[in-house]
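The values are calculated or read from the model by the stated rules, or taken from the named source; none is laboratory data. No experiment lies behind these values; they were computed from the predicted model shown. Positions of Cβ are generated from backbone atoms using ideal geometry, with glycine treated the same way; all protein chains shown enter the neighbour counts.
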Amino acid sequence: MKFGGEVELVSGLEQFKAAISSPGASVVHFKSASNLQCKQISPFLDTLCGRYPSINFLKVDVEVSRAIAVVENVRILPTFKIYKNGTRVKEMVCPSPEVLESSVRHYSF
């Protein structure tokens, strides 16, 4: 796991399960390369990664990783889910950058 550096791209279901089960909080951005809203908010996730080094930031491209999208029941993009020690604690669909950062800040302690 890369903490406090860069957003980790997750492509396999086992890799995903291991990443969200790591100690602390994990923020997962479910995205699609062809989705305009995903393209707009994606750079902001990189910014948050620098601001909140204690959080594990992950991206899942649902076009590449259909299995993860199905298991996680992701239907609308972009979707963000926050996990704490493997348990989902928050889910946001198409959040504004302010709402996203507020949620990340809440779980960064």
Pick out the one residue from Val27, Val60 that is in contact with a Phe, Trp or Tyr (Cβ under 8 Å, 6 or more places away or on another chain) and over 16 Å from Val89 (Cβ atoms).
Val60
The number of residues in the range 1-55 that are among the β-branched types (Val, Ile, Thr) and within 17 Å of Glu72 (Cβ to Cβ) is 4
Going through Val70, Val62 one at a time, which residue ends up being free of Cβ contacts under 8 Å to residues at least 40 places away in the same chain and in contact with a helix residue (DSSP H, G or I) (Cβ under 7 Å, 6 or more places away or on another chain)?
Val62
Can you confirm whether Leu48 is in contact with a strand residue (DSSP E or B) (Cβ under 9 Å, 6 or more places away or on another chain), touching a residue at least 24 places away in the same chain (Cβ under 8 Å) and more than 15 Å from Ala19 (Cα to Cα)?
yes
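Quick one: how many residues across the range 24-43 are assigned to a helix (DSSP H, G or I) and exposed (fewer than 13 other Cβ atoms within 10 Å of the Cβ)? Before you say what the answer is, go through the steps one by one.
Filtering the range 24-43 down to residues assigned to a helix (DSSP H, G or I) leaves 36-43.
Then keep just the ones that are exposed (fewer than 13 other Cβ atoms within 10 Å of the Cβ); that gives 36, 40, 43.
Qualifying residue count, the range 24-43: 3.
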Take the range 70-109 and flag every residue that is assigned to a loop (DSSP other than H, G, I, E, B) and either modelled with pLDDT of 95 or more or exposed (fewer than 13 other Cβ atoms within 10 Å of the Cβ) (or both).
Glu72, Asn73, Val74, Arg75, Ile76, Leu77, Pro78, Asn85, Cys94, Pro95, Ser96, Phe109
